[in-house]
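Enquirer: If you scroll down you'll find the structure; I have some questions about it.
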Amino acid sequence: MAKQQTKYMKMNKWSSTDTILPQDVSANFDMLDEEMKSRGINVKWFGAVGDGKTDDTASFHAAMAMCDKRYKLFVPAGEYRIRQTIENNSRGIYGVGPYMDSGQMGTRIIWDPFDTTTDLLPLIRIRKAGVKAVFEDFSVYGISNYSSKNLSAWINKELFDQSLYDMFAEGTAAIEVAGSATPIFRNIATSGVKVGQLLNSTNGHVSSYDCTWSGLIGVYCRINSGDYFYQGGSISGAFCGIMLGTILTAGHRGGFHALVHRTHLGFSPYAIYQCIDSGLDDYNRSSSVMGLSGIYTNAQFEQCGEAAIKLLTKSSTMNFRIFGFGFSWSVTNYSGNSAWEFPLPDSLKKPSEKQQYAAWFGTITAPTIFNDDLGRLRKSTAQGAMGTAYIDTLTGDKESDLSGLEFMDTVIRRKVTPIYRAHDLQSRMQEREHRTLMPVSAPNLLKNPEVLSNWSVSNGSVSFVTADQVPIPISNEIKQVIGHNPVILKVTPDGVNSPSIRIKFNAQRLPYQGDANRNLAMQYFILETEYESSNFYKSMGRISAQNAEYIFNDAVTWREKGWKHLRGRELASRTGLLNEFSISFIPKIGETYIAGVMVTWDHIGAYSPYPHSYMTDSLEIGGSGNGIILTDSATGIRYQLTIANGQLKINPAIS
C-alpha cells in the first residue's frame, strides 16, 4: 500500500518496502487521465489522423462528446478533413496556430461537407455550449476557390442589381454563432468558404482578437443582436468583408452594431455591404432598416474595389462614429500584374459605372461622426466617379461631423433637420408658425383632424378634450400657432401594446394626387404623461405614400416633461401619391394628448384644420373701392365684392 504522495498532484508513490496494490496504481492513472482532459480533449485520442486526406469527422464528433461542456477540445498540428458539421459541446477549441507552410506547422481543418446543397452549412456551430467559450489558434479551409476576378461564377447579376442575398450561389460557412452563444475568438483564420464568421445568434456579445475572417464574405451579420467586438486582424472577402442584412429580430431589421479597433477592412470590392436577405416584398413593405452603428477606431479601408461602404437606401445609420478611414482605391480593371486588384468584374458592373462613390448611405441620423483623423475618403479617378459619398437623407436633432467624407465631394439628396446654425434663422422660422405674423394659414392636406371619426387607432381609444382637461396647461407656443382653445385628441392605450393613430389625406379616393418631388411639411404638438421607453419620451409622425414610401420616418426623443412641438420639413415624395399620416411610439401606459396635426406643402405655417386657407380672426379691408375678389367657378370671370352705403355690390374685377 502506498504511504506517500507526490507534492502537487497527490499521486500515490511507494518505497521499496511498500506493497503495490492494483487499486493504488489505478487511482494514479485516473488522476493522470483527469489531468490530461483538463488540458483539452485531444482529437487524436479518438483516432484522428490529420493527414489532409483521411475523413476525421467521427473522431472529432467522439472527442466533442467527451468534452461534455466541461473541457476544451485540442486539435494538434496537422490537416484534418471534416465532412459533417461539428456541434460545439466544449468550453472552446484550440490548436497550435493557424499557419501552415514549409516552415511553420499549424492546425488546419479542411471543410469538405457531403451536403453541398444546404446554404451556409457551418463546419463548427457554436450554440448552447458557447457562453464565453474560447476558440483560438486554428484555421478553417474550405474547398471553393473564391476570387474577386471571377465573381460572376457565384453571383447572379440580375439579383445583384437588386441587392438581394439570393444573388449568391449556395456555399459553406466556417463558424456559425447561434442561439445564446457568446464566444471569444483569438487568432482564427478562414478561407475558401462562402462566409468566414456567420453571426446568427440572439445574444450578441461576440468578441474577435487578431483573427483573419475571409471567404466570399468575411463576416455575415445575418441576425443583428448587437455588441460585436473586433480588435486587430483583418476582415475581407472576394466580394465583401462585412455583410449586413435586413432580417427582423428584436424589433429592428438588420444592421450591424460593433466596436472595431485596429482592424484591416477592404482588400475586397466592398469593405462593408448591405443586402436584402429578408425578401424583396418584406423590404418593400418596411419603412426602414438598420444600417451601421457603433465605433470604428483605426479601422483601415484599404484597396476597395467598388466602395468602402455600400448600404441600402432605406438603411438608417445612427450613433455611428468612425475616426478616419485609412482609405485607398483599388484599380478598376484586372491587369494580372498585381495581387492587389479587387474591382468588380465588368460582367457585374460596367466600366462606366464603377467607383461612383466611396461610400453609399441611406439615412444618416445625427449625432454621427465621420472624422478625418486617419484620413478621408477620396473621389475616384474612374470615368464613372461622381463623388466621395452619397447620402440619401441627412437628419437628426444634432449636427453631424462629416469631415471624413470629404464634404465638398459628398452628395446629399435631401437634408432634414430641426436644428438651425443661426439662432436668428430659427427665430424667423418659428415666427412663420405664429398667427400674429401669419394670420392666414395654408391648407391642411389631411382630413379634418378635429373630427373624431377621421381618426383610426390601434391598441387603444381616442377622444377629444379641451385645454382645461389636460394635466399640463397648453404652452404659449400652442396658443400662438393653434389658438387659445385648441381641439385636443386624447389617446388612451390598452395597457398592453403601444398605440398608434392614423388619419387619411383629404381626397375622395386615395391616394391623394399631389405633386411629385415637391417638399412637404408636417407639425403637431404632443404631451406624453409616461415615458415611451427607459427615460425618454418618444414620438414619430410620418406620411405613408405609394410603393411603401415613408416621409418623415424619424423618431424624436426628449427628456423634459411637457408639450413638445414636432415638425418636419424639406422632404418630398417621389410620386406625390399620398395615403395617410400616422403618429407612433405612443406610450402603452398613461394618456397622451395631441393637437394641431397638420400636413401642408412647402413650409410650416399657422395651423388650419381645413383643406383651404384659414384664419381665426376677423379680416378687415379698408380703403375706398377695396373689396374681396372672387372667381366664378362656372365662367372663370373675376368679380369684386364691395360695400357702399350698406349695400353689397358685385362688379367685374378690373384686370
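No value in this document is a laboratory result; all are computed from the given coordinates. Because the structure is predicted, anything quoted here is derived from the model rather than measured. We place every Cβ from the backbone using ideal geometry, glycine too, and count neighbours over all the protein chains shown.
Enquirer: Can you tell me the order of 570-577, 360-367, 634-641 when each peptide is scored by its average per-residue count of other Cβ atoms within 10 angstrom, highest first?
Expert: 360-367, 570-577, 634-641
Enquirer: Here's another thing I want to ask about it. Hey, could you get me the Stokes-Einstein D for the stretch 494-607, Kirkwood radius over alpha-carbon pairs, 4 °C and 1.567 mPa s, rounded to whole µm² s⁻¹?
Expert: Reported coefficient: 88 µm²/s.
Enquirer: Another question about this same structure. Calculate I(q)/I(0) for the stretch 161-290 by the Debye formula, one identical point scatterer on each C-alpha and no solvent, and give its log10 at q = 0.10, 0.13, 0.17, 0.22 Å⁻¹ to two decimals.
Expert: For the requested q values the scattering log ratios are -0.28, -0.48, -0.83, -1.37.
Enquirer: Mind jotting down the three principal axis lengths of the stretch 120-160 based on Cα atoms? Whole angstrom, largest first.
Expert: The principal-axis extents, from largest down, are 41, 22, 14 Å.
Enquirer: Which distance in Å, rounded to a whole number, links the C-alpha centroids of the stretch 343-360 and the stretch 468-505?
Expert: 51 Å
Enquirer: Can you give the FRET efficiency for Val131 and Ala62, using 1/(1 + (r/R0)^6), R0 = 30 Å, r = Cβ-Cβ distance, to the nearest 0.05?
Expert: My answer for the efficiency is 0.80.
Enquirer: Report the Cα-based extents of the stretch 35-180 along its three principal axes, largest first, to the nearest Å.
Expert: Cα extents, longest axis first: 58, 40, 24 Å.
Enquirer: What relative contact order, as a whole-number percentage, does the chain give when Cα pairs under 8 Å and 6 or more residues apart are counted?
Expert: Value for the chain: 7 percent.
Enquirer: Please report, in whole Å, how far the alpha carbons of the stretch 450-536 spread along each principal axis, starting with the longest.
Expert: 40, 35, 27
Enquirer: Rounded to the nearest Å, what's the spacing between the alpha carbon centres of the stretch 261-332 and the stretch 91-145? Just the number, please.
Expert: 26 Å
Enquirer: Could you give me D for the stretch 339-407, from Stokes-Einstein at 10 °C and 1.306 mPa s, where the hydrodynamic radius is the Kirkwood radius over C-alpha pairs? Units µm² s⁻¹, please.
Expert: Taking Rh from Cα pairs, D becomes 118 µm²/s.
Enquirer: A further question follows. Suppose we keep just the alpha-carbon trace of the stretch 115-415; what are its Rg and Dmax in angstrom?
Expert: Rg and Dmax of the stretch 115-415, Cα atoms, are 17.8, 52 Å.
Enquirer: Mind giving me the nanometre distance, one decimal, between the label points for Val440 and Glu399, set 7 Å out from Cα along Cα→Cβ?
Expert: 3.7 nm
Enquirer: Let me know the whole percent of all Cα-Cα pairs from the chain that are separated by more than 48 Å.
Expert: 34 percent
Enquirer: Here's something else I'd like to know. Can you show me the helix-derived [θ] at 222 nm for the chain, built from DSSP H runs with n ≥ 4 at -39,500 (n - 2.57) apiece and divided by the number of residues, rounded to the nearest 500.
Expert: Calculated at 222 nm, the ellipticity per residue is -2500 deg cm²/dmol.
Enquirer: Output the relative contact order of the stretch 47-128, whole-number percent, from Cα pairs under 8 angstrom with separation of 6+ residues.
Expert: Relative contact order, the stretch 47-128: 30 percent.
Enquirer: Still on this structure, please answer the following. Find how much the distance from Asn517 to Arg413 grows on full extension, using 0.36 nm per residue of separation minus their present alpha carbon separation; answer in nm with one decimal.
Expert: Taking 0.36 nm per residue and subtracting the Cα distance, the gain is 36.3 nm.
Enquirer: Give the peptides 593-606, 144-157, 283-296 in descending order of average Cβ contacts within 10 Å, highest first.
Expert: In decreasing order of mean packing, 593-606, 144-157, 283-296 become 593-606, 283-296, 144-157.
Enquirer: So for the pair Leu630, Gln546, with labels modelled 7 Å out along Cα→Cβ, what separation do we get in nm?
Expert: 3.5 nm
Enquirer: Reachable lysines from Lys44, Cα under 20 Å, same-chain residues fewer than 8 places away excluded?
Expert: Lys53, Lys69, Lys72
Enquirer: May I pose another question? Highest first, please rank the peptides 72-85, 345-358 by the mean number of other Cβ atoms sitting within 10 Å of their residues.
Expert: Sorting 72-85, 345-358 by mean packing, highest first, produces 72-85, 345-358.
Enquirer: Let me ask another. At 0.36 nm per residue, minus the direct Cα-Cα distance, what do Ser453 and Arg378 gain on full extension? Give it in nm, one decimal, please.
Expert: Stretched fully, the Ser453-Arg378 segment lengthens by 21.5 nm.
Enquirer: Is there a pair in Lys354/Lys415; Lys157/Lys314; Lys564/Lys588; Lys314/Lys354; Lys149/Lys354 whose C-alpha atoms are over 24 Å apart, and which pairs would that be?
Expert: With Cα atoms farther than 24 Å apart: Lys354/Lys415.
Enquirer: Kirkwood Rh, the stretch 245-370, all Cα pairs: how many Å?
Expert: When all Cα pairs of the stretch 245-370 are included, the Kirkwood radius is 15.4 Å.
Enquirer: What number in nm² do you get for the stretch 547-633 if you take the convex hull of its Cα atoms and divide its surface by four?
Expert: 10.4 nm²
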